[in-house]
Amino acid sequence: MADIRVQLATNKKEKPAADQLGFGKVFTDHMLVIDYTAGEGWHDARIIPYQPITLDPSAMIFHYAQTVFEGLKAYQTADGEVLLFRADRNFKRLNKSNERICIPQIDEDFALEALKKLVDIDREWIPNAPGTSLYIRPFIIATEPSLGVHPSRTYQFIVIMSPVGSYYAGGIKPVKIMVEQQYVRAVVGGTGEAKTGGNYASSLKGQAIAEEQGYAQTLWLDGKENKYVEEVGSMNIFFKIAGQIVTPALNGSILAGITRDSMLQVLKSKNIPVEERRISIDEIVEAAKNGTLEEVFGTGTAAVISPVGELKWQGEKIVINNGEIGEVAQMLYDTLTGIQSGKLEDTFGWTIRV
Ligand SMILES: *Cc1c(COP(=O)(O)O)cnc(C)c1O
C-alpha cells in the first residue's frame, strides 16, 4: 500500500474567524480514508474531499461499538512552519487500542506519512492565533454488515481535522470537578486502557450528574473498590501534596495519556521529583484538611493542562490553591505549549515537521 490517491476538493469551505473556532465543530476540506478487508489487509489509501460516509444499517460499529480513536494536534509556528506533536505515539497507542478491541494493526509509519500528507494539503486551515491549533481525529470503525457478534471482517480508518480555538481565551481558569461516587468508568481487565468510544458512552451519566450540579467534569475512582483516583473525563490527573508531585500509576484501567507522559518527562528534566502510584481519595481529602494539598491539575491534548480549583466529594467542597492555577501547572503549561508551538527549543525530539 505504497500510494495514497489524492482527490482535491473543488469547492473550498470558508474558514471561521480565529475567535469563532470552538472545539470540533468545523472540519477542513479533506479527509484520509483507508479500507481494510480480511485476507487483503489495509488498502485503497486516499485523501478525498471531506464528506459523509455511507454504511449499511447493520454495520457492526452501530451495534457492538468495535471502534478506536486518537486525538492529537498540529500547530503553526511564528515562522509559518507546521509541527505535529508526538504523532508517532498516537499511532502506537492506536495499535494498542486495536489489539484490545480486536481490530487489525495498522502500519504506524504509513499512517504517519499519510497524516503528514493530509495536514500538508489542508495546511492553510491551521490557525495561528495564540493557543489555537488543528485538532486531528484518527479513528477506525467496524463496517461489516452483520449482526453476529464477532470481530468485523472489514474496517475503515479515517482521519478528520478541525481548527480549534484557544482553550484559555480569557486566561487559564481552574475548573470545578465532582468526584463520582456511584458510577465507574472502567475496571482493570476491561477497556479503560483503550481509547474506544464505549468508555465515553459509559462516562456520560456521571458527566451529566456533575454538570447538573455545576461541575465541569467527573473525577473517576477505580471500579473495584471505588477508592483510588483514576482520571478525569478525557484527562489524566496530577496532585501536588506537601511539595511532592504524584499521579496515579498506569494500572490497566487508566488511559496512558501522551500529555501525561510528556509532563512526567518535563518534570524529570527539571529535577522535580514525581511519583506514579496508587492515590486514594481519602489521602486527597486528608491532605486538603491538613493544608498540604497544594495543586491539582488534569492533562490531555485538548487543554494541555486544566488546573482544578475545586473538588466535590461526598457533599464536601475542597478548594485548591484559592481556585487559582499553581506554580507547577503554570510551568508545565508554558513548557509544553512552548515546545508545541515552536517557541521553545524541543530538547525531547517530540515535534514532527510537516
Ligand atoms: C485521550 C484521553 C486522555 C488524554 O490523553 P492524551 O494523549 O494526553 O491526549 C486521558 N483520558 C482518556 C480517557 C482519554 O481518552
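The values are calculated or read from the model by the stated rules, or taken from the named source; none is laboratory data. The structure presented is a predicted model; accordingly, all values stated were derived computationally and were not measured. So basically every Cβ, Gly included, is an ideal-geometry build from the backbone, and we count neighbours across all protein chains shown. Side chains included, ligands, DNA and RNA excluded: accessible areas come from the protein's heavy atoms. Shrake-Rupley method; radii C 1.70, N 1.55, O 1.52, S 1.80 Å.
Criterion applied to K268, K240, K224 was being among the basic types (K, R), in a loop (DSSP other than H, G, I, E, B) and assigned by TED's automatic domain parsing to the domain that holds T335, and the one residue passing it is K224. Of the residues in the stretch 125-146, at least one is in contact with a Leu (Cβ under 7 Å, 6 or more places away or on another chain), in a strand (DSSP E or B) and under 17 Å from Q66 (Cα atoms).
Might you let me know whether the stretch 66-76 holds any residue that is open to solvent by 80 Å² or more (accessible area, probe 1.4 Å), under 24 Å from A302 (Cα atoms) and either touching a residue at least 40 places away in the same chain (Cβ under 8 Å) or part of a strand (DSSP E or B) (or both)?
Of the stretch 66-76, the ones open to solvent by 80 Å² or more (accessible area, probe 1.4 Å) are none.
Within the stretch 66-76 (the criterion being open to solvent by 80 Å² or more (accessible area, probe 1.4 Å), under 24 Å from A302 (Cα atoms) and either touching a residue at least 40 places away in the same chain (Cβ under 8 Å) or part of a strand (DSSP E or B) (or both)), the answer is no, since none of the residues qualifies.
Free of Cβ contacts under 8 Å to residues at least 60 places away in the same chain and among the small types (G, A, S) - does that describe any residue in the stretch 183-202? Within the stretch 183-202, one or more residues are free of Cβ contacts under 8 Å to residues at least 60 places away in the same chain and among the small types (G, A, S). Can you tell me which of K173, K195 is in a loop (DSSP other than H, G, I, E, B), open to solvent by 10 Å² or more (accessible area, probe 1.4 Å) and away from the ligand (no atom under 16 Å from the Cβ)? Selected residue: K173, the only one of K173, K195 that is in a loop (DSSP other than H, G, I, E, B), open to solvent by 10 Å² or more (accessible area, probe 1.4 Å) and away from the ligand (no atom under 16 Å from the Cβ).
Here is a yes/no grid of residues against (1) closer than 29 Å to G171 by Cβ; (2) exposed (fewer than 14 other Cβ atoms within 10 Å of the Cβ); (3) of a type in the set (A, V, I, L, M, F, W, C):
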{"position": "I106", "(1), (2), (3)": "no, no, yes"}
{"position": "I126", "(1), (2), (3)": "yes, no, yes"}
{"position": "S133", "(1), (2), (3)": "yes, no, no"}
{"position": "A142", "(1), (2), (3)": "no, no, yes"}
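Residues in the stretch 308-346 that are in a strand (DSSP E or B) and either open to solvent by 60 Å² or more (accessible area, probe 1.4 Å) or more than 16 Å from the ligand (Cβ to nearest atom) (or both): G309, E310, L311, K312, W313, E316, K317, I318, V319.
Could you say whether any residue in the stretch 279-289 is closer than 30 Å to G165 by Cβ and buried (at least 17 other Cβ atoms within 10 Å of the Cβ)? Reasoning before the result, please.
Narrowing the stretch 279-289 to residues closer than 30 Å to G165 by Cβ: none.
No, every residue in the stretch 279-289 fails to be closer than 30 Å to G165 by Cβ and buried (at least 17 other Cβ atoms within 10 Å of the Cβ).
So which of F91, F62 is within 16 Å of the ligand (Cβ to nearest atom) and closer than 22 Å to T196 by Cα? Just a single option satisfies the conditions, and that option is F91. Beta carbons closer than 6 Å, at least 6 apart along the sequence or on distinct chains, pair a first residue in the stretch 109-133 that is more than 15 Å from V159 (Cα to Cα) with a second that is open to solvent by 10 Å² or more (accessible area, probe 1.4 Å) and among the basic types (K, R) for S133/K73.
Quick grid of which residues meet (1) at pLDDT 95 or above; (2) part of a loop (DSSP other than H, G, I, E, B); (3) not assigned by TED's automatic domain parsing to the domain that holds G300:
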site: P16; (1), (2), (3): no, yes, yes
site: F27; (1), (2), (3): yes, yes, yes
site: I47; (1), (2), (3): yes, no, yes
site: N90; (1), (2), (3): yes, no, yes
site: N95; (1), (2), (3): yes, no, yes
site: R100; (1), (2), (3): yes, no, yes
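If you check K240, K205 for being more than 26 Å from L332 (Cβ to Cβ), of a type in the set (K, R) and either buried (at least 17 other Cβ atoms within 10 Å of the Cβ) or within 16 Å of the ligand (Cβ to nearest atom) (or both), only one passes: K205.
Answer yes or no: is there a residue in the stretch 43-51 that is surrounded by fewer than 14 Cβ atoms within 10 Å (Cβ to Cβ), more than 25 Å from A303 (Cα to Cα) and more than 21 Å from the chain's Cα centre (by Cα). Explain how you work it out, then say what you get.
First, the residues of the stretch 43-51 that are surrounded by fewer than 14 Cβ atoms within 10 Å (Cβ to Cβ): 43, 51.
From the residues that got through so far, the ones that are more than 25 Å from A303 (Cα to Cα) too are 43, 51.
This time we only want the ones that are more than 21 Å from the chain's Cα centre (by Cα), so: 43, 51.
Yes, that holds for at least one residue.
Looking at E276, E231, E295 in this structure, which one is closer than 27 Å to Y75 by Cβ, more than 12 Å from the ligand (Cβ to nearest atom), assigned to a strand (DSSP E or B) and outside the structural domain of K92 (by TED's automatic domain parsing)? Let's see the steps before the verdict.
On the way: E276 fails: closer than 27 Å to Y75 by Cβ; E231 fails: more than 12 Å from the ligand (Cβ to nearest atom).
That would be E295, the only listed residue that is closer than 27 Å to Y75 by Cβ, more than 12 Å from the ligand (Cβ to nearest atom), assigned to a strand (DSSP E or B) and outside the structural domain of K92 (by TED's automatic domain parsing).
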